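**Q** Quick one: the structure is below, and I'll ask about it shortly.
The values are calculated or read from the model by the stated rules, or taken from the named source; none is laboratory data. None of these values were measured; they are calculated from a predicted model. Note that we place each Cβ from the backbone using ideal geometry, even for glycine, and neighbour counts take in every protein chain shown. What goes into the accessible areas is simple: the full protein's heavy atoms, side chains included, and nothing from ligands, DNA or RNA. Shrake-Rupley method; radii C 1.70, N 1.55, O 1.52, S 1.80 Å.
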Number of protein chains: 2
Amino acid sequence: MYKAPVEEIAFTLKHVAGMAEALDAGTFGELGEDLVDAILGEAGRFASEEVAPLGDEGDRQGSRLVDGAVKTPEGWRELYRNWIAGGWNGLTAPEAFGGQNLPHMLHVAAMEMWNSGSMAFALAPTLTMGAIEALEKHGTDALKATFLPKMVSGEWMGTMNLTEPHAGSDLGVLKTRAERRDDGTYRIRGQKIFITWGEHDFTDNIVHLVLARLPDAPAGTKGISLFLVPKFLVNEDGSLGERNDVFCHSLEHKLGIHGSPTCTMIYGDGKFGREKGAIGYLVGEENRGLACMFTMMNNARLAVGMQGVAIAEAATQKAIAYAKERTQGRAPGWSGDGMSPIIEHPDIARTLLTMKALTQGSRAIAYACAHAVDMAHAAQGEDARQWQERSSLLTPIAKAFATDAGVDVASMGIQVHGGMGFIEETGAARYLRDARIAPIYEGTNGIQAIDLVTRKLPLSDGAQVRGFIAELREVAAAVAASNREGFGETAARLDAAVADLEGATDWLLSRLRDGKLAEALSGATAYQRLFGLVLTGVYLAKGGLAEAGDGGQDRRVALCRFAAENLLSETSALKDRVVNGAESLAAARSILD
Amino acid sequence: MYKAPVEEIAFTLKHVAGMAEALDAGTFGELGEDLVDAILGEAGRFASEEVAPLGDEGDRQGSRLVDGAVKTPEGWRELYRNWIAGGWNGLTAPEAFGGQNLPHMLHVAAMEMWNSGSMAFALAPTLTMGAIEALEKHGTDALKATFLPKMVSGEWMGTMNLTEPHAGSDLGVLKTRAERRDDGTYRIRGQKIFITWGEHDFTDNIVHLVLARLPDAPAGTKGISLFLVPKFLVNEDGSLGERNDVFCHSLEHKLGIHGSPTCTMIYGDGKFGREKGAIGYLVGEENRGLACMFTMMNNARLAVGMQGVAIAEAATQKAIAYAKERTQGRAPGWSGDGMSPIIEHPDIARTLLTMKALTQGSRAIAYACAHAVDMAHAAQGEDARQWQERSSLLTPIAKAFATDAGVDVASMGIQVHGGMGFIEETGAARYLRDARIAPIYEGTNGIQAIDLVTRKLPLSDGAQVRGFIAELREVAAAVAASNREGFGETAARLDAAVADLEGATDWLLSRLRDGKLAEALSGATAYQRLFGLVLTGVYLAKGGLAEAGDGGQDRRVALCRFAAENLLSETSALKDRVVNGAESLAAARSILD
């Protein structure tokens, strides 16, 4: 059973991702290490003791649509009640609406643990938090006053309604209609698909944020507006009024996250409400809906990246535990009686260490991204701009690298279990089924790569990424300067990997300058992975450098060295694919016809 | 819907894997290209028109245990009847027992297509064929006369009973007991798990081959005997007699291959039969059961490799079809109205080409292995020994590389489908669920790597592998000599890749010579993948070289070049992992405790 790795998480937050310096500098006011540790400890306890025990059974039961209502798995409603009673829903929300206004780093760390317990469950509040963010930034005071306190407390949950059958990655073509009414409200009509937690029995009301198009809106993405559409209208005294004209038409039958209801939502077909059309309230300006969505897109993407980290952590824990217990064959050098635990076989040990390195690398990347988000909020002027750019740069990498790692590590976890891994009761297969959605939603990893190459590399005319690479090189230099034998060839390996990243970056920037977009995009995914691998090596090294000089000192150093000498050699192949792969790709394209 | 790629398969068999030369030389007697094409065409028709349409529904329904009997999915029993009516079950079986004694190559090619249609269905006869092989080689004449004709016709099916809860990869510790009876039969008692198609409604009788231990047997693998245990005893006139004391206790709830019943079988607990103990007949000699099993192990492993190829092919077809139809965004250079088909986006095209290259590379490796099996049977003396060694060398690579490719390609296929890939009705997710077992059963891919490094590399004191590598180098030279512009950098890339393979091979052989087993095994899995990647590049090049000089000439050349310039750069990283990875792995091992 999953046990939240609170210590590892705290160490990574503080000593790898930058929280310790920020706390020392008083960046987050009165917040100190003690409170950080207490929050992480309690979040971890909740994840290990309350969420994780309901994860497998929630997967088996799934959420079901019964007579138009979604029935969630046994015990989940109470779990949610306990979770909001702990105040977790408002961790980063503004104090004015009942939140605790704590750093985003703490939020993503806690989210990691809940997602490890059950990704399907933890998805529910994730969507609410995105809705809170959008509403807080763009909603009118009246809307905020009515909805935010109850969304921050968790009494009501929120959803995000973007996708339609023909509008997934490309929202510009969405068809849901909004019509202005004389009273300042709008009437919404249309169908939305893949709506996560679009309907459920956790809360009495559900606050949908819906993208739709006004009749006179310009075509494409500049004609999309954002609306708040509550399941139940709210009376002036805050009590629930009549049912709005929106309902869940069906649930998807999915590969994983069975506990999470993925809904097709129908707006305004007259099933509820006195007149046809769901009543909606404009959020932000007309035709500026996509901009409103984008303000929270980065955090949503980071949140999905955390799911990758979370699954990787849980899958690794399970595989290590099994490999220690299961005996089979005799490993070379095994001197015990009878069969050795399979963890003694070099191939199994290699697999487990790879899982561990990818998990910790992904975690560090995601936390570093969250740190940049926090610093961008806390800093001023040029500093703030720099941190904003840093978080923008890191977001697609955190999303894509961590979610790919989630899938890969979950798959390795099955393999370590042998035949038992294929049996659902073992629980290893669930991790792969759940993990498989994360590289897809909130922008496929291919979309992330396009974003990374075409929007993030050009930030400050390439100065942001170049500055970042210079920082990475400093870590390699610090490893060399440390003279710690345990690092082995780490310094040289890091140097070479950073050089690969730099070479690929230069090449991509030059293609962008020359307007060779197709060439640049041909290697975008390889570049994204290259970046993530280099960061994995560098952040593991930072951890090794920060490790205290006591008897246990070599654990982080040893993992870093393993990653440097066993995983980082892939960077030269990835750079080669970026720099030399486009021509043969273009030449072969026609064989697909 | 899957359409059997009969032409591609025929081309690969003949011009890449070696069948054309063998046919020209009369190796298979009267067998000529016409008959080969006719058999492939009909096997493909059956796969596309009969098997594939029942694949998805078979997955949804699964096989179920109802009152002790296994109910297979709707239509599957009739499908099996049609399949054996086509004579497919006896394709390679000896003519003396009603088989057609055709080359193994044809069998694996046909199996690929049926597995693409439904891996869960095609598994059923796969097990029968293994049982036929074991029985034919090691059974008494009486046993053969009673059982083989009906197993070859498919009237009865066979199973293989190896695994027990504590004996998976390591069969030496199995506990099922066999006791001698005065009448020359044996009584079998014990429990076997993970028995594929152990019970079903396809046939009236089921012939179990069961590994068990005699009371006075030596410990370990040298004390295991093989028994034939029919579900129903057979009367002297060939009619079915009384029920034997064996039954299916339960079915596993698995990640995939839901249509295939995975049974826990109980032998001899007295539920059936007049006295406790299932009646069994010895196959081969007492305590030599594992040797009997090994005679068919190679073919079983190759058969599982074919499942990897099969899933990769089916997943690739589905993804290409979707990518052509689904429109989203505007790819660079897209000049059409509105959104472009997603296949126009470079990242999607790269993914699809990678899927295609891995599929065709895996297919060629598996067919080349089957060719070596055929040649070992057809040749004499030293030639036969050489081909035997070649098939032994290729088997673990065919099994592991192709099954890893099956998982990877199926996962890429989901990704290409975006959100739809996660929805079960789409069918892309089934491929991943089904594919995930193949790297595990018939010896995990880690076991294959151990076999490759410790048993196959040392064949003829390393001369077998070195001779093979020399042949690979010749292909690279032929590409260089061809002067065909479309090959781009292929020749140089192949040269470098083969050099990586040679360097890693030399290093491993030197470690084995020095008795450094743990070091050699640390990189065994990386080496296995390295070997498979190099073979992928080489066999795609062979295809390119063999391509006719007409207008369509560049399709294979283009795919080969894509693989050479985009996938083969990984070989240097893999070689590095083999040669330089062991020390840091050993140093990090303790952090898993």
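**Q** Heavy atoms only, probe 1.4 Å: what % of the accessible area of the protein assembly as shown goes to carbon and sulfur, would you let me know?
**A** On the way: 20250 of 40900 Å².
Carbon and sulfur atoms account for 50 percent of the accessible area of the protein assembly as shown.
**Q** Next question. Defining a contact as two alpha carbons under 8 Å apart and six or more residues distant in sequence, what relative contact order in percent does region B:363-465 show?
**A** With pairs under 8 Å counted, the relative contact order is 27 percent.
**Q** So for chain B, averaging the separation of alpha carbon pairs under 8 Å that are six or more residues apart and normalising by length, what relative contact order in percent results?
**A** 12
**Q** Kindly identify residues of region A:229-265 having a loss of at least 50 Å² in accessible area between the isolated chain and the assembly of all protein chains, probe radius 1.4 Å.
**A** Buried by 50 Å² or more upon assembly, which counts only protein chains, are A:His253, A:Leu255.
**Q** Do the alpha carbons of any pairs in B:Lys192/B:Lys399; A:Lys71/A:Lys399; B:Lys3/B:Lys399; A:Lys144/A:Lys254 sit beyond 28 Å of each other, and which pairs?
**A** Beyond 28 Å between Cα atoms: A:Lys71/A:Lys399; A:Lys144/A:Lys254.
**Q** What whole-number value in Å² describes the accessible area per residue of region B:445-588 for a 1.4 Å probe?
**A** On the way: 5070 Å² over 144 residues.
With the other protein chains kept in place, region B:445-588 gives 35 Å² per residue.
**Q** Tell me the Kirkwood radius of region B:437-593: reciprocal of the mean inverse pair distance over distinct alpha-carbon atoms, in Å.
**A** 16.7
**Q** I'd like the residues of region A:406-430 whose 1.4 Å-probe accessible area shrinks by no less than 50 Å² going from the isolated chain to the full set of protein chains.
**A** Those are A:Gln415, A:Phe422, A:Ile423, A:Glu424, which lose 50 Å² or more relative to the chain on its own.
**Q** Note the buried accessible area between B and A here, summed over both chains, with a 1.4 Å probe, in Å² to the nearest 100. List each step's numbers first, then the result.
**A** Numbers: alone 24170 and 24180 Å², together 40900 Å².
Chains B and A together bury roughly 7500 Å² of accessible area.
**Q** Angle, helix B:104-117 long axis vs. longest principal axis of chain B, Cα atoms, 0 to 90°, nearest 10?
**A** It is inclined by approximately 80 degrees.
**Q** Rolling a 1.4 Å sphere over the protein heavy atoms, what is the accessible area per residue of region B:336-440, to the nearest Å²?
**A** Here the per-residue accessible area is 23 Å².
**Q** Right, next: Pick out, in residue order, every one of the trypsin sites (Lys or Arg not before Pro) in region B:513-589 that is DSSP loop and has at most 13 other C-beta atoms within 10 Å; say none if there are none. Before the final figure, lay out each step's value.
**A** Working: sites: B:Arg513, B:Lys516, B:Arg529, B:Lys542, B:Arg555, B:Arg556, B:Arg561, B:Lys575, B:Arg577, B:Arg589; in loops: B:Lys516.
Within region B:513-589, no trypsin sites (Lys or Arg not before Pro) qualify (loop, at most 13 other Cβ atoms within 10 Å).
**Q** Roughly how crowded by other chains is peptide A:315-324, in terms of the mean Cβ count from those chains within 10 Å of each of its Cβ atoms?
**A** Whole-number average of other-chain Cβ neighbours for A:315-324 is 1.
**Q** Between A and B, which A residue has the Cβ nearest their rotation axis, distance in Å?
**A** Axis-proximal residue of A, distance in whole Å: A:Ala573, 3.
**Q** Compute the angle between helix B:33-45 and the longest alpha-carbon principal axis of chain B, please, reported from 0 to 90 degrees and rounded to the nearest 10.
**A** The angle comes out at about 80 degrees.
**Q** May I pose another question? Count, for each residue of A:326-333, the Cβ atoms from other chains sitting within 10 Å of its Cβ, then give me the mean as a whole number. The partial results should precede the final answer.
**A** Working: counts 3, 3, 10, 7, 2, 3, 10, 3.
The mean count of partner-chain Cβ atoms within 10 Å per residue comes to 5.
**Q** What does the highest-first list of A:290-300, B:66-76 look like by mean Cβ count within 10 Å?
**A** By packing density, highest mean first, the sequence is A:290-300, B:66-76.
**Q** Whole angstrom only: what separates the Cα centroid of region B:560-593 from the Cα centroid of region A:490-564?
**A** Cα centres, region B:560-593 to region A:490-564: 16 Å.
**Q** Ok, one more. Could you let me know the centre-to-centre spacing of region B:433-476 and region A:302-330, using Cα atoms, in angstrom?
**A** Result: 28 Å between the Cα centres.
**Q** Moving on. Hey, got the average number of other protein chain Cβ atoms within 10 angstrom for residues in A:569-576?
**A** 5
**Q** Further question: Work out the FRET efficiency for A:Arg77 and B:Leu592 from their Cβ-Cβ distance, taking R0 = 56 Å, and round it to the nearest 0.05.
**A** The computed FRET efficiency comes out at 0.90.
**Q** Just to confirm the number: angle between the C-alpha axis of helix A:346-378 and the first principal axis of chain A, 0 to 90 degrees, nearest 10?
**A** Helix A:346-378 sits roughly 50 degrees off the main axis of chain A.
**Q** Using only DSSP helix segments of four residues or longer, with each worth -39500 (n - 2.57), what per-residue ellipticity at 222 nm results for chain B after dividing by its residue count and rounding to 500?
**A** Taken over chain B, the calculation gives -17500 deg cm²/dmol.
**Q** Take the Cβ-Cβ distance between A:Asn483 and B:Thr295 as r, set R0 to 56 Å, and report the resulting FRET efficiency rounded to the nearest 0.05.
**A** Once the sixth-power term is evaluated, E becomes 0.45.
**Q** If you take every residue apart from A:Gly503 with its C-beta less than 14 Å away from the C-beta of A:Gly503, what net charge results, scoring Lys and Arg +1 and Asp and Glu -1? Mind dumping the intermediate values first?
**A** Working: positive: A:Arg466, A:Arg473, A:Arg511, A:Lys575, A:Arg577; negative: A:Asp495, A:Asp500, A:Glu502, A:Asp506, A:Asp576.
After counting each charged neighbour, the total is 0.
**Q** Any idea what diffusion coefficient the protein assembly as shown gets from Stokes-Einstein, in µm²/s, Kirkwood Rh on alpha carbon pairs, 4 °C, 1.567 mPa s?
**A** 41
**Q** Shifting gears a bit: With a ≥ b ≥ c taken as the square roots of the eigenvalues of the C-alpha gyration tensor of region B:238-384, please select rounded if a/c is under 1.5 and otherwise prolate if a/b is larger than b/c or oblate if it is not?
**A** Taking the square roots of the gyration eigenvalues as a ≥ b ≥ c, region B:238-384 is oblate.
**Q** Sticking with this structure for a sec: Using the Kirkwood radius over Cα pairs, work out the Stokes-Einstein diffusion coefficient for chain B at 25 °C and 0.890 mPa s, in µm²/s as a whole number.
**A** Diffusion coefficient, whole number: 98 µm²/s.
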